Amino acid sequence: MKKIVCFGDTITEMGVVVESRGFVARLAERYVRRADVLPRGFSGYTTRDALAIVDQAVIAEHPYSVILFFGANDSVLPDQFQHVPLDEYRDNLGSLASFVASAGAWLVLVTPPPLDERKTRSRRMANTETYALACYEVALEMNLPVIDLFHLIQQHGAWERQCLIDGIHLSAAGMDILYDALIPVLNEQIPPSNLPRLGLNGV
């Protein structure tokens, strides 16, 4: 069976939670018996950390498609230990994308989501927006599909309360927005209808 790897930070790790309509869990349901959806979410990780484990976590799985979703931690304020400078974030993201592409996999980039400044002291919207823009630009430069989650979520009414659970991580409504944006892209890369159904004579 083909493999879809969801590689990211805490938001991806939380994507397996069925109760909050996690996007990873929903993808697993969508591709059941047709493709394996592998959760590779690592709480607190940045692109710097991702580079250290990409071979083991992603490339070794020989994925057909990879959803690359980092930036929420890279974009913390400079006085925070997780902070990755913008230029390094851009370079790291490009390197991660190149490694995945060189392995022969399709790729989708996802920008970091917006945040509610009233609920966090370590992040600022303006700073996160620069990282979201950098992610978007890397995707354009490499001719890769990108989900601009930063701006998509802000189109939702009362998004701070409806789409985030703690000012940073996605609620069920936020997960819905991400999942709905991913499906058209994945339908081009790996449409379920084109995949054989595992079982006797596909039954």
Criterion first (modelled with pLDDT under 95 and not small (Gly, Ala, Ser)) does Val203 satisfy it?
yes
Would you point out the residue of the range 1-20, among those that are more than 19 Å from Glu61 (Cα to Cα), touching a Ser or Thr at 6+ places or on another chain (Cβ under 9 Å) and not β-branched (Val, Ile, Thr), that is surrounded by the fewest Cβ atoms within 10 Å (Cβ to Cβ)?
Ser20
Tell me the residue from Ala134, Ala172 that is at pLDDT 95 or above, in contact with a Phe, Trp or Tyr (Cβ under 8 Å, 6 or more places away or on another chain) and not basic (Lys, Arg), please.
Ala134
Would you mention how many residues in the range 84-112 are touching a strand residue (DSSP E or B) at 6+ places or on another chain (Cβ under 7 Å) and either assigned to a helix (DSSP H, G or I) or closer than 12 Å to Thr47 by Cα (or both)?
4
Select from the range 184-203 the residues that are part of a helix (DSSP H, G or I) and in contact (Cβ under 8 Å) with a residue 60 or more places away in the chain and list them in ascending order.
Val185, Leu186, Gln189, Pro192
Among Ser20, Ser98, which is at pLDDT 95 or above and of a type in the set (Ser, Thr, Tyr)?
Ser98
Unmet criterion (only one of (1) surrounded by fewer than 24 Cβ atoms within 10 Å (Cβ to Cβ); (2) in contact with a strand residue (DSSP E or B) (Cβ under 8 Å, 6 or more places away or on another chain); (3) in contact (Cβ under 8 Å) with a residue 40 or more places away in the chain; (4) under 19 Å from Ala97 (Cα atoms)) for Gly41
(3)
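The values are calculated or read from the model by the stated rules, or taken from the named source; none is laboratory data. Being a predicted model, the structure only gives us computed values, none of them experimental. Please note: Cβ atoms are built from the backbone with ideal geometry, for glycine as well, and neighbour counts cover all protein chains shown.
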